[in-house]
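Structure first, commentary second.
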Amino acid sequence: ALAAEGIFTGAVGAEPARIPLPAAAIAGPLALDKDLDKVLIVGTVTGHLLGILEQPRKIVWDLDLQASDISQLLPLSETQVITVLDGSKVVAIQVRPELASISWSHQLKAPAMGEPAVTTAGIVIAAGTSVLRFGRDGTTPPPWLLASAASSPAAALGDLVAVGTQAGMLHVFKGEQQLWATPCGQPVTAVAVLKTCILAGLADGTVLAFAP
């Protein structure tokens, strides 16, 4: 757990131990196994990504992302995480117990709408009037175009992706193309893709359910 300039670790039911941080944390923590220990990965308000060895409570690496804001850390594989810097740059970071480095990055032409979502092929993120797609190796397939600006983060399950727009449309994509789109009557502010249905949360608090 994170609290100001510290991270708390420990077994459930036990008194947690506090590991001090050089700056307040805003992202993470994620955990990597290292022998019998764990490396905890945390992003700070100073734009640094830290790797902290849990038992000796020691910072083992410090990656300066040169950003003023780090979004949540999204695991893409056992050794790769995705984050958004300053709301406008998607970055993939290779993380190992001993070190971390940037694998690839892409500057967005419009501010990101929320966090990325992981798909079978890679990641997607809503930005402006598009859903941008990125392969796990940083390749950029053609984006999916929206009827108006996105008003919800993209949500995904496998290769099924949904996103809502300011004009009140819910767009659903699968594979390389749009599967369907339907009007919802008002801006869609949140979406969720489940095995049995797609949920759309509207600006007035209404929740609609659609068959995928």
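Summary table
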quantity: Residues located in region 108-144, provided they are aromatic (Phe, Trp, Tyr) and over 17 Å from the mean Cα position of the chain (by Cα); calculated: Trp144
quantity: Any hit, region 123-139, residues being more than 15 Å from Val188 (Cα to Cα), of a type outside the set (D, E, K, R) and in contact with a Gly (Cβ under 7 Å, 6 or more places away or on another chain); calculated: yes
quantity: Pair list, Cβ < 8 Å and 6+ apart or interchain, from region 46-64 residues that are without any contact (Cβ under 8 Å) to a residue 40 or more places away in the chain and farther than 12 Å from Ala25 by Cα to residues that are open to solvent by 50 Å² or more (accessible area, probe 1.4 Å) and not in a strand (DSSP E or B); calculated: Ile59/Pro22; Val60/Glu98; Trp61/Glu98; Trp61/Leu99
quantity: Residue identified as surrounded by fewer than 16 Cβ atoms within 10 Å (Cβ to Cβ), at pLDDT below 85 and under 23 Å from Gly6 (Cβ atoms) among Lys58, Lys34, Lys38; calculated: Lys58
quantity: Test: Ala209 is outside any loop (DSSP other than H, G, I, E, B) and open to solvent by 50 Å² or more (accessible area, probe 1.4 Å); calculated: yes
quantity: Strands (runs of 3 or more DSSP E) enclosed by region 97-155 - at least 2 residues per element that are free of Cβ contacts under 8 Å to residues at least 60 places away in the same chain and open to solvent by 20 Å² or more (accessible area, probe 1.4 Å); calculated: 100-107, 130-135
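Rundown of residues vs (1) touching a Cys at 6+ places or on another chain (Cβ under 9 Å); (2) closer than 25 Å to Gln107 by Cβ; (3) not in a strand (DSSP E or B), yes/no style:
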position: Gly28; (1), (2), (3): no, yes, no
position: Asp33; (1), (2), (3): no, no, no
position: Gly43; (1), (2), (3): no, yes, no
position: Thr46; (1), (2), (3): no, yes, yes
position: Pro56; (1), (2), (3): no, no, yes
position: Ile59; (1), (2), (3): no, no, no
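The values are calculated or read from the model by the stated rules, or taken from the named source; none is laboratory data. In this text the structure is predicted, and so the values were computed from the model without any measurement. As a convention, Cβ positions derive from the backbone with ideal geometry for all residues, glycine included, and neighbour counts pool all protein chains shown. All accessible areas refer to the heavy atoms of the entire protein, side chains included, with ligands and DNA or RNA removed. Shrake-Rupley method; radii C 1.70, N 1.55, O 1.52, S 1.80 Å.
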